[in-house]
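Single-structure report; data block below.
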Amino acid sequence: MLVPPVSHDARLIDELFRVVYVLSFIVFIIVEGLIIYAVIKFRRRRADEMPEQVHGNTAAEIGWTVVPALAVGVVFGFSVDTLNRMTARGSPTAPLAHVHSLNDTEARRRIEEAKQVDLVIEVVGRQWVWQYTYPDGKLTTNETLVVPAGKTIRLDLTTPDVIHAWWMPAFGPMIYVNPGEVSYVWFNVPPGEYIGQCNVFCGVAHAQMISKVRALPQDEYERWYQEQLAALSGPTATGDPQRGQDIFMNQNICWSCHSIEGTKAQGKVAPRTLTGFANYDTIAEVVPNTADNLRAWLHDPQAIKPGTTMPNLNLSAQDIEDLVAYLQTLK
Amino acid sequence: MASVSIPARTEYLRHGLVSWLATVDHKRIGIMYLASTFVFFLLSGLMALVIRLQLTAPGLQIVNQDLYNQLFTMHGTGMIFLFTIPCLVGFANYFLPLQIGARDVAFPRLNALSLWLLIFAGVVMEGGFLLGILGLLPGGASNAAWTAYVPLSNKQFSPQIGMDIWLLGVVLLGISSTLGAVNFLVTAYTMRAQGMTIWRIPMFVWAMIVTAAMVLIATPVLTAALAMLIADRNFATQFFNTANARLWQHMFWFYSHPAVYIMILPAMGIVSEILPVFARKPLFGLKAVVVSTILIGVLGFTTWVHHMFVSGVDPIVERFFMLTTMIIAVPTGVKMFNWLFTMLGGSLNLKTPLLMCLGFLSTFVIGGLTGVIQALIPLDMQLHNTYWVVAHFHYVLFGGSVFGIFAGFYYWLPKITGRLLDDKLGKLHFALMWVGFNLTFFPMHFLGLMGMPRRIATYTADRGWELGNLIATIGAFMVAVSVLIFMVNFVRSLRHGARAGNDPWEGNTLEWTVTSPPPEHNFDTLPTVESERPARDLRLAASNPTVPAH
Amino acid sequence: MSAWTKVGAARSADASPARRPNVGLIGAVFFIVSESMFFLGLFLAYFYLRALSKTWPPPDTPPLSTVLPTLNTGVLLISTLFMAWAERGIARGDARRLQIGTGVAAVLGLIFLTIQAFEIADLGFAPHSSAYGSAFFFLMGFHVVRVFGGVVFMVIILARALIGQFSARRRAAVQACALYWYFLAGVWLVVFWVLYWLK
Ligand code: HEA
Ligand code: HEA
Ligand code: CUA
Ligand SMILES: [Cu+2]
C-alpha cells in the first residue's frame, strides 16, 4: 500500500498485499511474455505457410488448470489467516464477528468486554461531514478527530441519512456506516496527522466529506481536550440568537441554500450542512471558526474566499451580530 | 427452395428509411444495434472526457459537483447498459444466425422489438440526461451512480424526476435484453445447420448461449429490484425505506456481477474466433474453452457479495464469496492459456483484428489479476471504492470488452459492408488506443493505493494525486483521438475500401462462405457442417479436391 | 411482400419436421425461466424483509382470512385441469375439446381475478403501510398481472381455436399457453403458502 501503514490491521493488509503482488506479478510476466514471444517467433513470414494443426494437449491443459487452482487455494488460506488476525474483524466464531449489526445492548456489552479500549468516540457521518463526540458528551468536533496516540480507540459510527464509509487509508480497513446500524472501528496509532475521506458515494458533496485524525501524545491530548472545553464556555457573540434564527429562516434567504437538521432550512447549495456548525474547525474551509471571522464572512464572503458561491447579502451590523449568536448555538 | 427468389446482389441495403424502420431481418437489426450503441459509446466517452478534464488538476471546477455526479452516473450507465451489453448483442444479431447456418433468428419480430426497446430506452435515458444539464428537468438527471444505492436513490435524498427516468430506462433495457436472450437461446438451440453438433458450434455462438442464459436468469431479479425502488419512490411502498440498505445491494449485484460476464464472454467469443483464423490453427483445447465458458457462466452467479465486503455481510458468507470469486480465475486462466497456445506454433497474420485481440489479452490479464487481488477481503477493505477498483474495471471492461468489440469491428465490418478497413489506419488506431488506454488507467492503480476514492468531483492539492490524474487525462484524450481515427477509417472504407470478397481472412465459420454483404436470406441452400471449421473445409476442398478436408 | 413472410416461407420450405423442434414452445420454456427468476427475486425480498423485522406482520395488521384465497386456489387448480383436458384433446385432434377447455379455463381465470380483486380490496392494510404490506402487495399484485396476461393468452388461443387454426400437428401455441398457465398456478401455490400459511 502506498500509504504507509500505521496500525496493526494496516500492517497485516500490507503484508498480504506484498505476497499477492509478487504472485500476480509472476502470472503477469508469464502471460505477457508468452504474447511477446508468440508475436516475435510466430509472425507469418510466407503467405502460404501452414503450421501444424495442433488441436490441444491434455497434459498441458490439466497443468494450467491445476496450478492456478493451487495458487488460488494458497492465497485463500493466507487471506483467511490475515482476517483472523485482524482486530477490525475477529474470527467468525469470536464475539466481534460482525461489526456492523451489533446494535442491541447485549452485543454492545460483549464488545465492551471483548476489547480493551481506552477511549470510545461516538461518530455521526451525515451529508457531508463527520462529527465526533467525546465520551462525556460535552465536546463535539467536526471533521477532525483528536485522539491520544498509542491508545486503543473505538469509534461507534452511525448515520442519520444515507450510507457513508469511514476510512483512514493509513489505518487499513474502511467500513460502511449504514442507516439504522452501528459500525465499530478500532485503532491504535502512533502520533501523527492522518487524512481520509468518506468512501461511499453519498450525494452532491461527497468529495468534501473529508476527515482528519490527529494523534497526540497523551499529555498533549489532555491539554488539547481541556482547551477545547474551556473554549466552549468562553465568550461568544453578543447578539440575540432568537432574532438571528428568525433572520436565517424568515427575514433573509439563508435557508434556501443551507440545511440545518430539524428546521425548514433544507437548501442544497452550500456543500456542508450547518447542523453542528459551531463545532466546525473552519468557516468555508478557509479561516478558523471564530466569532470575528464569522462576522467578516457574513459581512462579505468574497473577501474571505474569492470565488465562493455564497453571495454578499448586505446584512446590517445588528443582523450579523444576531446571526453569529444563532450560528454559534448550532452544535 | 424454388418458391423464393434470393437476390444475389444486395439491393436490400438501399431501400430507404421506411424499410429500415420496419425490417425484421436480423442483419439490418444487427447493423442498427451496432450503429446506435456506437453512438451511445461516443456520448458516454464524451462524458468520460469531461470527467477526466475535471480531475486533471486539484480543485478544478469545469463542471459543478452535481453535474459531475450526473456525468459519471450516465457515463457508467451508458457504457454498460447502452453500449457494451447491447453492442455485443448487435454482433450476435448479425453473426449468430450466419455462423450457425440459419436464415434468421427464431423470432424476427421479437428481435425488432428488442432493438426498438433498446433505442427507446437509450433516448429516454440520454434525453433525460440532456434535459437535466440544460436545466429543463427540476433537480437534474439521475446522480446516484450507476449502482443507485439506497437510501441515496430514495425519494427523500434524490427527489428529482431524473432519477425515475433513469430507473425506467434501466427497466426497459432489462426487458429488451431478456427478450433478446430468449431469441438467441431458441435460435442456437433449434436452428443450427445440419451436422453442427455440440463440439462444432462456433465459439462466439457458445459465448452467446451462455451469455443469454445468464441474462435470462439474472435480469429479472434486477427488474424486480427496480420495480420495488420505483414503487418506493412513487407509491410510498416501504421496501427500502426501512433500515435495510443491503437488500438493494444484494439484488443489484445479483444481476450486476453476472452482467460483467455478460459483457466479457461475448468479447472472449470474438477473440476465440479471431485467434485461430489469424494463426491458421484450430483453437487450442476447444472443449476446455467451451467448458470454461460454461463454468464462468455458472460461477458468475456465486460471487456477487464481493461488492459488499465492507458493507456488513455475515463473515462466513463473505468468506464463501471470497473463495468462489477467486475460483473464477481458474476457468478464465484456462481460456487465457488456450488462447496463448493457439498463437504459439501458429502463423500469425498481424493485421488489425489480431492486434486488437492482443490488446485484449495483454490488458485483460491485468484487470483479471487486480480483480483477484481485490477479491481478498482484507485487501478489499483497503481498496474498495478507490481508484484501484476504477482501474480494475476499466482494464476488464475497456481492456477486455472494448478491445474485443473493436477486434470484432475490424474482423466483421468487411462482411457487413463488403469493404475492408484500411490496415495502416487500423494499426495507428490500435497503437494509440493501447497506449492511451494504459496511460489513462494504469496510474489509477497507484491513485487507489494512495487512498483516492472514486466518485469525487474534486480533490485538494495536499494528497499527492496530481501526477497520476494528469497522466490519466492525457491518456483519455489519446483514446479519443484513436476513436476518431477509427471513425475516419470506417467512413473512408465505405467508399474507398478494397473489396472484401467472400472471405478476406481465410475464415473458419459459415459467414465467410457467403458474399459480403450476405444475401438477404443468407444461404441459398442451408449448409451442412462436418467439422468445427466448415468454411475452411470448403476452401480446402475447393483448392485440392482430392485431399480430405481435416 | 414483407421480409418477414419471405423469411418465414424460406424457413418452412426446407424445415424437416424432425429436425425443427417447435421454436414457440421452446421460447415459452425460456420465457418461463425468466418469469420464475422475477418471482424468485420478489420472494427473496420478502424473506429478507421478514428476517429483518422483529414482528411480521406488524402488530396492528388485521389478521388474514384464508377463505377467499383457498377458494381461489381451487378455482385456479380446476382451471388448469380444464386446460390440460383441452390440450390433451387437441393432441388427439379433438378441436371441440380444445374450444370448450380453453373457454372454461379462461372463464375460471377471470373468476380468479375477480375474487383476487375482492381479496386485495379487503386486506385492511396497504402497500405503503409497512414493508410487510409492500412485499405482500408485490407478490399478490405481480401474480395478478401475470394471470391477467395468461387469460389474454387463453382468449387468443380460444379465438384461434374457434376459427380452426389448431390440429394435432399444429398445436405448439396451445402447449405454450398451457405451460404458462400451469406455471402461474404453481407460482400461486407458493405465493398462497408463503403469504397465508407460513408462520
Ligand atoms: C468485464 C467486466 C468484468 C470482469 C470480467 C471482471 C472480472 C473479475 N472481477 Fe470485477 N468488476 C467489474 C467488472 C468486471 N470484473 C466492475 C464493473 C466492477 C465495479 C462495479 C462498481 O462498483 O461500479 C468490478 C468490481 C469487482 C470487485 C469489487 C471491488 C470493490 O468494489 O471493492 C471485485 C472483488 O472481488 C472484483 C473481482 C473480479 C474477479 C476476481 C474477476 C475475475 O473474473 C477475473 C479472472 C481473470 C484472471 C484472474 C486473469 C486470467 C487468469 C490467469 C492468467 C490464470 C492465473 C491467475 C491466477 C492463478 C490468479 N471485481
Ligand atoms: C465499458 C465500460 C466503460 C468504458 C469503455 C469506459 C471508458 C472510459 N472511462 Fe469509465 N466507467 C465505467 C465504464 C466504462 N468506462 C463505469 C461503469 C464507471 C463507474 C460509474 C460510477 O461510478 O457509477 C466508470 C467510471 C469512470 C471514472 C470514475 C469517475 C469517478 O468515480 O469519479 C473515470 C475517471 O476517469 C472514467 C474514465 C473513463 C475514460 C477516460 C474512458 C475512455 O477510455 C473513454 C474513451 C472513449 C471516448 C473518448 C469516446 C470518443 C469520443 C469522441 C472521439 C468524441 C466524438 C464525439 C462525437 C462526435 C459525439 N470512467
Ligand atoms: Cu459520505 Cu460519501
Ligand atoms: Cu463482481
Among (1) closer than 24 Å to A:Phe28 by Cα; (2) more than 16 Å from ligand 2 (Cβ to nearest atom); (3) more than 10 Å from chain A (Cβ to nearest Cβ), B:Met356 falls short only on (2)
For segment B:373-391 the number of residues that are more than 7 Å from chain A (Cβ to nearest Cβ) and closer than 18 Å to A:Val31 by Cβ is 1
| query | If you go through segment B:257-267 one residue at a time, do you hit one that is in contact (Cβ under 8 Å) with a residue 12 or more places away in the chain, buried (at least 24 other Cβ atoms within 10 Å of the Cβ) and farther than 26 Å from B:Phe309 by Cβ? | reply | yes
Checking C:Ser79, C:Ser34 in turn, the sole residue that is among the small types (Gly, Ala, Ser) and in contact (Cβ under 8 Å) with a residue 12 or more places away in the chain turns out to be C:Ser79
| task | Return a yes/no flag: does segment B:280-288 have any residue that is at positive phi, out of contact with any Cys (no Cβ under 7 Å at 6 or more places or on another chain) and either small (Gly, Ala, Ser) or within 16 Å of ligand 4 (Cβ to nearest atom) (or both). | result | yes
When every residue in segment B:233-244 that is out of contact with any His (no Cβ under 6 Å at 6 or more places or on another chain) and buried (at least 24 other Cβ atoms within 10 Å of the Cβ) is compared, the one farthest from B:Asn183 (Cα to Cα) is B:Asn244
The residue from B:Ala472, B:Ala457 that alone is away from chain A (no Cβ under 14 Å) and either farther than 30 Å from B:Leu152 by Cβ or away from ligand 4 (no atom under 16 Å from the Cβ) (or both) is B:Ala472
From the option list B:Val260, B:Val291, B:Val277, single residue qualifying as more than 16 Å from ligand 3 (Cβ to nearest atom), farther than 29 Å from A:Asn57 by Cα and not in a loop (DSSP other than H, G, I, E, B) is B:Val260
In the set B:Phe204, B:Phe240, B:Phe252, B:Phe235, the lone residue that is more than 16 Å from ligand 3 (Cβ to nearest atom) and within 15 Å of the chain's Cα centre (by Cα) is B:Phe204
Within segment A:179-219, of all residues that are surrounded by fewer than 16 Cβ atoms within 10 Å (Cβ to Cβ) and farther than 24 Å from A:Pro169 by Cβ, the one nearest to the chain's Cα centre (by Cα) is A:Gly180
| task | Taking B:Leu428 as the residue in question, decide whether it is more than 12 Å from chain A (Cβ to nearest Cβ) and either of a type outside the set (Ser, Thr, Tyr) or free of Cβ contacts under 8 Å to residues at least 40 places away in the same chain (or both). | result | yes
Checking A:Phe201, A:Phe171 in turn, the sole residue that is under 30 Å from B:Ser158 (Cα atoms) and within 11 Å of chain B (Cβ to nearest Cβ) turns out to be A:Phe201
For B:Leu117, the lone unmet condition from (1) away from ligand 1 (no atom under 16 Å from the Cβ); (2) farther than 30 Å from B:Leu136 by Cβ; (3) at pLDDT 95 or above is (2)
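With a cut-off of at least 1 residues that are free of Cβ contacts under 8 Å to residues at least 24 places away in the same chain, away from ligand 3 (no atom under 16 Å from the Cβ) and out of contact with any strand residue (DSSP E or B) (no Cβ under 7 Å at 6 or more places or on another chain), name the helices (runs of 4 or more DSSP H) lying wholly within segment B:8-124.
Because the criterion is at least 1 residues that are free of Cβ contacts under 8 Å to residues at least 24 places away in the same chain, away from ligand 3 (no atom under 16 Å from the Cβ) and out of contact with any strand residue (DSSP E or B) (no Cβ under 7 Å at 6 or more places or on another chain), the helices (runs of 4 or more DSSP H) in segment B:8-124 that meet it are B:17-21, B:26-55.
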- Task: Could you check, for segment C:110-119, whether at least one of its residues is crowded, with 18+ Cβ neighbours inside 10 Å, out of contact with any Asp or Glu (no Cβ under 7 Å at 6 or more places or on another chain) and under 29 Å from B:Val186 (Cβ atoms)?
- Result: no
Of the candidates A:Glu227, A:Glu222, A:Glu181, the one satisfying the condition of being more than 14 Å from A:Val120 (Cα to Cα) and within 14 Å of chain B (Cβ to nearest Cβ) is A:Glu181
field: Residue within segment B:256-264 that is more than 16 Å from ligand 2 (Cβ to nearest atom) and on the phi < 0 side of the Ramachandran plot present
entry: no
>> Quick check on segment A:126-148. Is at least one of its residues in contact (Cβ under 8 Å) with a residue 12 or more places away in the chain, closer than 23 Å to B:Gln249 by Cβ and within 16 Å of ligand 2 (Cβ to nearest atom)?
In response: yes
Selection from segment A:38-59 of residues closer than 14 Å to B:Phe278 by Cα and more than 7 Å from every other protein chain (Cβ to nearest Cβ) yields A:Arg45, A:Arg46, A:Ala47, A:Asp48
Selection over segment B:342-353 where residues are surrounded by fewer than 24 Cβ atoms within 10 Å (Cβ to Cβ) and more than 7 Å from every other protein chain (Cβ to nearest Cβ) yields a count of 1
Expected single match for assigned to a helix (DSSP H, G or I) and aromatic (Phe, Trp, Tyr) among B:Phe301, B:Phe309 is B:Phe301
| Can you find even one residue in segment B:450-464 that is closer than 18 Å to B:Gly400 by Cβ and within 11 Å of ligand 2 (Cβ to nearest atom)? | no
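Within 16 Å of ligand 2 (Cβ to nearest atom), under 30 Å from B:Ile456 (Cβ atoms) and within 19 Å of the chain's Cα centre (by Cα): does that describe B:Gly371?
In short, yes.
The values are calculated or read from the model by the stated rules, or taken from the named source; none is laboratory data. A quick note: this is a predicted structure, and the numbers were derived from the prediction, not measured. Neighbour counts run over all protein chains shown; Cβ positions are idealised from the backbone, glycine included.
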